[in-house]
Structures are given as structure tokens and as C-alpha cells.
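**Student:** The structure follows.
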Amino acid sequence: MKLVFAGTPEVAVPALDALIASDRHEVAAVVTRPDAPAGRGRRLVASPVAERAEEAGIEVLKPGRPRDEEFLARLREIGPDCCPVVAYGALLPKVALDVPARGWVNLHFSLLPAWRGAAPVQHAVMAGDEITGASTFLIEEGLDSGPVYGTVTEPVRPTDTSGDLLTRLAFAGSGLLVATMDGIEDGSLRAVPQPADGVSLAPKITVEDARIEWSAPALRVDRVVRGCTPAPGAWTEFRGERLKVRTAVLAPDQVDLAPGELGVGKKNLYVGTGSDAVELLWVQAQGKKPMAAADWARGVRITTGERLG
């Protein structure tokens, strides 16, 4: 099939690479979000998908909105059979959805109908899911509600951050997306409607969602830290300033600390929760680089009874 691939961040690149490598399909063009300011100089930078497409000599389309007439005219001119999508980052209007004969097919990083929305992997980690995966489905106007072509499963490991899990899903999902394109092309795949039961939503994680509540059980604190790593970053407050918690582990032997209370050992830093304590391994003070939590604690000279939050 002739394909137009839509995607933006780094997590979409493995799927683009897999489609480029396929000997059954042609990636005729790529659709991605416009260049965005980045870095200290805030200069405009192309998306990872745009950079990869340009390296491969593939035409790149960067509409401000997918309903822009200039973009739609070019899409019709290319005439794709199907448009695979991975983390594009913009809602597709019906006028765009109607262009490819076989529709737009999204690779979504959950086992639908679970975790429909922008942050399925973060929500899966924060909810304590033991199994997640990826799904390919035919995009319709509802939120991630279209019929499903196929799925792959992936265990959520006890120490997984959302970044760890998303990296694995990006590669596992790339194979699923290619297999889905193959099945659509040869007629061996039919999309199956999602069940009405088991729907859960995964809206974007806000900075406030990433704030650690030390009165919660240690298991909940651990899941918030892992689910919000690398973005937006779990955080708390210390002496009136924000402190990011980059890595923490459960410390069930440390039970004598009140919620938020800090306990300093020779090479360890503990903090109390609503149940057992957790050990902080890496933290990042406001305006500083990440550092080992024990080194940070020595630098700020924590006093007995001081708390986070």
C-alpha cells in the first residue's frame, strides 16, 4: 500500500523505521507537528519523526492544523491507501479521515478499551497494572474508540518507569503496526468493535497530578514516581522550593517515620509515607541538575524532624 505516516515524538520513530523497512509498502510522506521552540535559545526544532523522514528522503508535511486546506489538497494529491498514526498529537477532522480509502490506523499504547487518551502508559504504571500492551485500531471521530485490528501484550515490571515501558512498547508496537498494514492490504484482517465494558480514560498527566502525597501508602508513592518519570516528573516541596523525585524504592524496614518525615543514614535518605517508608535515590532541586539523594541531603544539612511536602 501507499502510506502517509503521521507521528511526532521519538516514540513514533521505531514504527516509522519499521514501515520504511517493509518491502510490501511505500511510505510516500510523513505528517508531523510544526517545528517547536526548544533549548535555552528557544530556537525552532523539527520533531524526531520529521528528522528521521528527512534522513530517509521522505516528504514531510507540517500543517498547523490537519484541517488546513493546503495540507488536505496535498494529501489528496498523494492519494494514500492508508495512513498509519503513532502519537501524532492533533485531532484529525472527518475531512482528513475520509481521504485514504482504508482509513487512518492508530498504534495506541494500551490494551483497548483500557486507557483511552493521551497518557495510557503513565496511567497504567500509576494504577499498578501488571499487564499492558499496544493496540492498532481504525480511527473514528470518538476518542480512541474505533474498532481494533490487533494487540500485543507487555508485562509491567515492578521497577518500570513510564519511560522504560513506553520504550519497549514502541518497538513491540512497531511490529504490530507493520503486521496490521500487511493484514489490511491482503484482506486477512478485519477490525473488531471494542467492548462496551472495561473502558478507562487516560488524560494527560498534569504537574499537579505528579505531586507526591506523602500521606498515601508507600506503594502509591512508588507508582506516582515511576509513572511520572521522565515526564512531567514527580515532585514535592522542601523548605518552600520544589524538589523533583527522580528515583525511589520501597523501604519496608524503615517504619518509624511520619508521612513526609526525612530520615538520613550514612549513605541513604528515607522519607515516611502513610505506610512504610521509601528510600529516595535520585532527586533534583529547583534549578539544579539531578543528583544522588544522599549527596543532596548532606548538602542541605537536614535537621531532625524536617519533612517533605
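The values are calculated or read from the model by the stated rules, or taken from the named source; none is laboratory data. Being a predicted model, the structure only gives us computed values, none of them experimental. In this analysis, Cβ positions are derived from the backbone assuming ideal geometry, glycine residues included, and neighbour counts consider all displayed protein chains. These accessible areas exclude ligands, DNA and RNA; they are computed on the full protein's heavy atoms, side chains included. Shrake-Rupley method; radii C 1.70, N 1.55, O 1.52, S 1.80 Å.
**Student:** Does the range 142-226 come out rounded, prolate or oblate, given a ≥ b ≥ c as the square roots of the eigenvalues of its C-alpha gyration tensor, rounded meaning a/c under 1.5 and, failing that, prolate meaning a/b above b/c?
**Tutor:** Prolate, since a/c reaches 1.5 and a/b exceeds b/c.
**Student:** Right, next: Hey, can you grab everything whose amide H is under 5 Å from the amide H of Leu111? Only 5+ residues off in sequence or another chain; H modelled, so Pro and N-termini drop out.
**Tutor:** The answer is Gly133.
**Student:** Go from 0 up to the bin containing the longest alpha carbon distance in the range 202-283, width 5 Å each, and give me the % of pairs per bin.
**Tutor:** 3, 17, 28, 27, 17, 6, 2, 1, 0
**Student:** Net charge near His25, counting Lys/Arg +1 and Asp/Glu -1 over other residues with Cβ under 12 Å of its Cβ?
**Tutor:** So the environment of His25 carries a net charge of -3.
**Student:** Then there is this: Taking only complete DSSP H runs, can you tell me which helices of the chain stretch 27 Å or more along their own long axis by Cα positions and average at least -0.5 on the Kyte-Doolittle scale?
**Tutor:** The answer, listed by residue number, is 162-186.
**Student:** Right, here's the next one. When the accessible area of the chain is computed with all protein chains present and a 1.4 Å probe, what percentage of it is carbon and sulfur?
**Tutor:** 52
**Student:** Here's something else I'd like to know. With the cut-off at 32 Å, tell me which of the pairs Lys62/Lys204; Lys204/Lys267; Lys204/Lys288; Lys62/Lys244; Lys244/Lys266 have Cα atoms farther apart than that.
**Tutor:** Violating the 32 Å limit, Cα to Cα: Lys204/Lys267; Lys62/Lys244.
**Student:** Which of Thr167, Thr180, Thr32 moves the most in a Gaussian network model of the chain with Cα springs under 10 Å?
**Tutor:** Among Thr167, Thr180, Thr32, the largest GNM mean-square fluctuation belongs to Thr167.
**Student:** Follow-up question, since we're still on this one. Calculate, for the range 182-309, the solvent-accessible area per residue in square angstrom, rolling a 1.4 angstrom probe over the heavy atoms of the protein chains.
**Tutor:** Here the residues of the range 182-309 average 56 Å² of exposed surface.
**Student:** Distance between the C-alpha centers of the range 16-49 and the range 227-290? Whole Å please.
**Tutor:** So the two Cα centres are separated by 37 Å.
**Student:** So what is the relative contact order for the range 133-262, in percent, with contacts set as C-alpha pairs under 8 Å and at least six apart?
**Tutor:** 21
**Student:** Over the chain, what is the mean sequence separation of C-alpha contacts under 8 Å (at least six apart), divided by residue count, expressed as relative contact order in percent?
**Tutor:** Relative contact order comes out at 13 percent.
**Student:** Taking only C-alpha pairs under 8 Å that are 6+ residues apart, what is the relative contact order of the range 80-205 in percent?
**Tutor:** Reported as a whole number, the value is 29 percent.
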